[in-house]
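The structure under discussion appears below in the form of structure tokens.
The values are calculated or read from the model by the stated rules, or taken from the named source; none is laboratory data. This one's a predicted model, so the numbers in the text were calculated from it and none came from an experiment. Here the Cβ positions follow ideal geometry from the backbone for every residue, glycine too, while neighbour counts run over all protein chains shown.
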Amino acid sequence: MSDTTQAHWHKPHEGEHRLAVSLVVVLVIILQFLLPKHLSLGIQNYICGLEALLLIALIALTPRRIGKHHARTRNLSIALTSIMTISNISSAVKLIDGLVQGTIKDANMLLLSGGSIWMANIVIFSLWFWELDRGGPGSRAEARKPVPDFLFPQMSSPEYREKGWHPTFFDYLYISVTNASAFSPTDTAPLSRWAKILMMVQSLTSLVTVGLVIARAVNILK
């Protein structure tokens, strides 16, 4: 990588705000809490409470900007995302099992629950992308790792970037939305193996969930 290419995106910056990430985590917690009991884990209230406590701890440690890499903060963030992932996967498995077994009869509940799980899936994978790319937001702010896991258009075409551009959570959320909707990468390419694996898992999960939910809902409505 030449110094010219490196200069326009791989350099230290002040870090991004915690607020946007905190808000989407709250959204996931609410979605998981409101899921019907038969689609959630038996201890869902405790899981949502644990997620809320971890979020509060993260806000206390980095209340404003994530400008530096701290191992403790990153470990807490990964733990929070892991718990949300396990909870959402469990709900998706229960939803798919109910669809296959034909035990879900209410089309409105099916669409609402399926949409909730699908939306939570988008946010959770965006958090994984955001947390793992180049070592996480703190590491990116300090420009620790020169090799990206995701190649954004602004990296390969610097003439189209804004001054001082660097990827923020919204960019990773956009990757997640397009990958879950198109079932494949769009304008941002995954470079590392873990990035390709995560995008593949998200695409397959989204395809199965959306396909089965729509097919079953149409069948019920008939």
Yes/no for residue 214 being at pLDDT 90 or above and in a helix (DSSP H, G or I) = no
Please work out if residue 79 is outside any strand (DSSP E or B), closer than 17 Å to residue 132 by Cβ and not basic (Lys, Arg).
-> yes
Would you tally the residues in region 181-200 being under 24 Å from residue 115 (Cα atoms) and of a type outside the set (A, V, I, L, M)?
-> 5
Can you tell me which of 173, 132 is among the aliphatic types (A, V, I, L, M), surrounded by 18 or more Cβ atoms within 10 Å (Cβ to Cβ) and either touching a strand residue (DSSP E or B) at 6+ places or on another chain (Cβ under 9 Å) or over 19 Å from residue 14 (Cα atoms) (or both)?
-> 173
Return the total of residues in region 26-50 being part of a helix (DSSP H, G or I), surrounded by fewer than 20 Cβ atoms within 10 Å (Cβ to Cβ) and either β-branched (Val, Ile, Thr) or touching a residue at least 24 places away in the same chain (Cβ under 8 Å) (or both).
-> 7
Of the listed residues (58, 23, 53), the one being part of a helix (DSSP H, G or I) and either in contact (Cβ under 8 Å) with a residue 12 or more places away in the chain or touching a Leu at 6+ places or on another chain (Cβ under 6 Å) (or both) is 58
Residue check, residue 194 touching a helix residue (DSSP H, G or I) at 6+ places or on another chain (Cβ under 7 Å), of a type outside the set (S, T, N, Q) and exposed (fewer than 15 other Cβ atoms within 10 Å of the Cβ) | yes
